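Heads up, the thing below is written out as structure tokens.
The values are calculated or read from the model by the stated rules, or taken from the named source; none is laboratory data. These figures come from a predicted structure and were not determined experimentally. Cβ coordinates were reconstructed from backbone atoms using ideal geometry, including for glycine residues, and neighbour counts include every protein chain displayed. In case anyone asks, the SASA skips ligands and DNA or RNA and just uses the protein heavy atoms, side chains included. Shrake-Rupley method; radii C 1.70, N 1.55, O 1.52, S 1.80 Å.
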Amino acid sequence: MANDRQAAHRRLSERRHADETFNIMMAGPRGVGKSTLLQTLCDSFSVLHIDALSEGGRQMYTGTDDADVDPFCIFDTLSGTTHIRRCHVRTIDPATKHVVRVELIDTPGIDTRDEVAASACVNELCGEIERRFRNTVDEEMSVRRSSVERTQHVHAV
């Protein structure tokens, strides 16, 4: 019994001291500057380490790759986003010196002129948000939660 209590206390302590995590998804009409805003956010971090980069389900970079990713060119701000692009970054909060993990999610623009395409795009985005929320709830409801698992739900859209 005492060992179970100590193990539970240790897991709770690990969760309290885990890195802060935030997931930010940009969604909106085509051409309003979603990718530009995400790139500007990346450019504003005083310390930035890219952990992973994927587009349309295809892994483009992991933090263990030998190739470097230019932090000033994470999001293609000129040609338009055609697939959901995810970028996992780590930075340091200057005030607290704690590591903050951020997942930036760029989405294709919603074509407001084509109602069918716009509806399909919105449904895809809602499905992604719901899937991520369901995964977070499942993790929170599990008996043995991961002490280092990042939250997956979207904090801001």
For this session: Considering every residue within the stretch 58-75, establish whether at least one is within 15 Å of the chain's Cα centre (by Cα) and at pLDDT 85 or above.
Result: no
For this session: Hey, can you tell me all the residues within the stretch 73-96 that are more than 16 Å from residue 55 (Cβ to Cβ) and open to solvent by less than 20 Å² (accessible area, probe 1.4 Å)?
Result: 91
Exercise. Looking at (1) in contact (Cβ under 8 Å) with a residue 60 or more places away in the chain; (2) part of a loop (DSSP other than H, G, I, E, B), can you tell me which one residue 81 breaks?
Worked result: (1)
For this session: Report, by residue number, each residue of the stretch 30-46 that is at pLDDT 75 or above and over 21 Å from residue 78 (Cα atoms).
Result: 45
Exercise. When you scan the stretch 110-124, how many residues do you find that are part of a loop (DSSP other than H, G, I, E, B) and either among the polar types (S, T, N, Q) or closer than 17 Å to residue 24 by Cβ (or both)?
Worked result: 1
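Please enumerate the residues belonging to the stretch 104-132 that are of a type in the set (Lys, Arg) and more than 18 Å from residue 155 (Cβ to Cβ). So that I can check it myself, show each step before the final result.
Going residue by residue through the stretch 104-132, those that are of a type in the set (Lys, Arg) are 113, 131-132.
Once the filter is applied, which keeps residues that are of a type in the set (Lys, Arg) and more than 18 Å from residue 155 (Cβ to Cβ), the stretch 104-132 yields only 113.
Mind listing whichever residues of the stretch 97-128 are open to solvent by 70 Å² or more (accessible area, probe 1.4 Å) and out of contact with any strand residue (DSSP E or B) (no Cβ under 8 Å at 6 or more places or on another chain)? Steps first, please.
Taking the stretch 97-128 first, the residues open to solvent by 70 Å² or more (accessible area, probe 1.4 Å) are 97-98, 112-113, 115-116, 123-124.
Passing the criteria: 97, 113, 115, 116, 123, 124.
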Exercise. Could you say whether any residue in the stretch 11-29 is open to solvent by 70 Å² or more (accessible area, probe 1.4 Å) and modelled with pLDDT of 85 or more?
Worked result: yes
Exercise. Given the conditions (1) more than 21 Å from residue 25 (Cβ to Cβ); (2) modelled with pLDDT of 75 or more, and given that residue 127 satisfies all but one, which numbered condition is not satisfied?
Worked result: (1)
